[in-house]
Amino acid sequence: MSRELATSPVALESAVNDGVAGTAGAWAGGPTAVEGFLRRVVADLSRLPSLVVEHAEFRHYGSGYASYVDVFMTKRDGSMRRSTNGRTEVEGLTVALCRLAPLAALFARSWRSSGPGAAGGRSMPELSRVVDVAPPEWEEECRQLGRVLDGHGIALLDSQTLGSPLDARLRVETVLGDPPYRVFDAWFHWVD
């Protein structure tokens, strides 16, 4: 049902207006229920045998509005973490959990850094970075991630679905993309 919801004209119109488009589970309870639900999903992701949540951005990047929660995960075994001169760099995967419906998108590997002289090096979610297949050396981690999302009734959308054109009448207030808008822009947008 979630995949059909992702391309439903009625749901997309609601999404571009920051309206909750899902009507089942937490989405029936409104924004507060959704936030609590997504926090539980993030907690479950952080308990996976091979993954740990490095950072989850629930605060809309400190300002504005994000229609999703940005979750950056890395390998639990520490193999994707490097420390040099007091600076730590972490390679990982990002999943965006939509606040508007039980939908998610997985993005290509990126990195975060912290410490003296760190550039921060973190990528915002964008359609061109959506992955359909687990990146090399991340296959088991992606299987575990998929099981958690499935268990919570969240559909992980593919790049073909997300890349579908949005009805030209619909406008999305976002700094993540430009017209012509795509289904991605309706579900995963941010305005500062």
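The values are calculated or read from the model by the stated rules, or taken from the named source; none is laboratory data. Nothing here was measured: the structure is a model prediction, and the numbers come from that model. FYI the Cβ positions are ideal-geometry reconstructions off the backbone, even for glycines, and counts take in every protein chain you see. Accessible surface areas use protein heavy atoms only, side chains included; no ligands, DNA or RNA. Shrake-Rupley method; radii C 1.70, N 1.55, O 1.52, S 1.80 Å.
List of remarks:
- Exactly one residue out of ARG47, ARG87 is in contact (Cβ under 8 Å) with a residue 24 or more places away in the chain, farther than 20 Å from ALA186 by Cα and basic (Lys, Arg): that is ARG87.
- Restricting attention to region 1-13, the residues that are in a helix (DSSP H, G or I) and open to solvent by less than 70 Å² (accessible area, probe 1.4 Å) add up to 6.
- Of the criteria (1) within 29 Å of PRO180 (Cβ to Cβ); (2) open to solvent by 40 Å² or more (accessible area, probe 1.4 Å); (3) free of Cβ contacts under 8 Å to residues at least 24 places away in the same chain, which one SER79 fails: (1)
- Within region 129-155, residues that are at positive phi have Cβ atoms under 8 Å from residues that are surrounded by 12 or more Cβ atoms within 10 Å (Cβ to Cβ) and part of a loop (DSSP other than H, G, I, E, B) in these pairs: GLY153/ALA24; GLY153/PRO102, counting only partners at least 6 apart in sequence or on another chain.
- The set of residues in region 14-35 that are under 17 Å from ALA155 (Cβ atoms) and not in a helix (DSSP H, G or I) comprises VAL20, ALA21, GLY22, THR23, ALA24.
- Any chance HIS189 is surrounded by fewer than 20 Cβ atoms within 10 Å (Cβ to Cβ), touching a residue at least 40 places away in the same chain (Cβ under 8 Å), closer than 20 Å to VAL34 by Cβ and not hydroxyl-bearing (Ser, Thr, Tyr): no
- Taken together, the residues in region 159-182 that are open to solvent by less than 20 Å² (accessible area, probe 1.4 Å) and closer than 15 Å to LEU106 by Cα amount to 1.
- Of all residues in region 146-157 being over 11 Å from ALA104 (Cα atoms) and either of a type in the set (Lys, Arg) or within 16 Å of the chain's Cα centre (by Cα) (or both), the one that is surrounded by the fewest Cβ atoms within 10 Å (Cβ to Cβ): ARG147
- Region 122-144 - residue that is within 27 Å of VAL191 (Cβ to Cβ) and not in a loop (DSSP other than H, G, I, E, B) and, of those, most open to solvent (accessible area, probe 1.4 Å): SER128
- Residues of region 14-29 classified as open to solvent by 50 Å² or more (accessible area, probe 1.4 Å) and in contact with a Leu (Cβ under 6 Å, 6 or more places away or on another chain), total: 1
- When ARG147 is tested against (1) modelled with pLDDT of 95 or more; (2) outside any helix (DSSP H, G or I), exactly one condition is not met: (2).
- Per this entry, VAL41 is not counted among residues that are assigned to a strand (DSSP E or B) and open to solvent by less than 50 Å² (accessible area, probe 1.4 Å).
- A single entry from VAL52, VAL95 fulfils the requirement of being touching a strand residue (DSSP E or B) at 6+ places or on another chain (Cβ under 8 Å) and under 17 Å from MET124 (Cα atoms): VAL95.
- Only one of the numbered conditions (1) touching a helix residue (DSSP H, G or I) at 6+ places or on another chain (Cβ under 6 Å); (2) open to solvent by less than 20 Å² (accessible area, probe 1.4 Å); (3) not hydrophobic (A, V, I, L, M, F, W, C) is violated by SER50, and that is (2).
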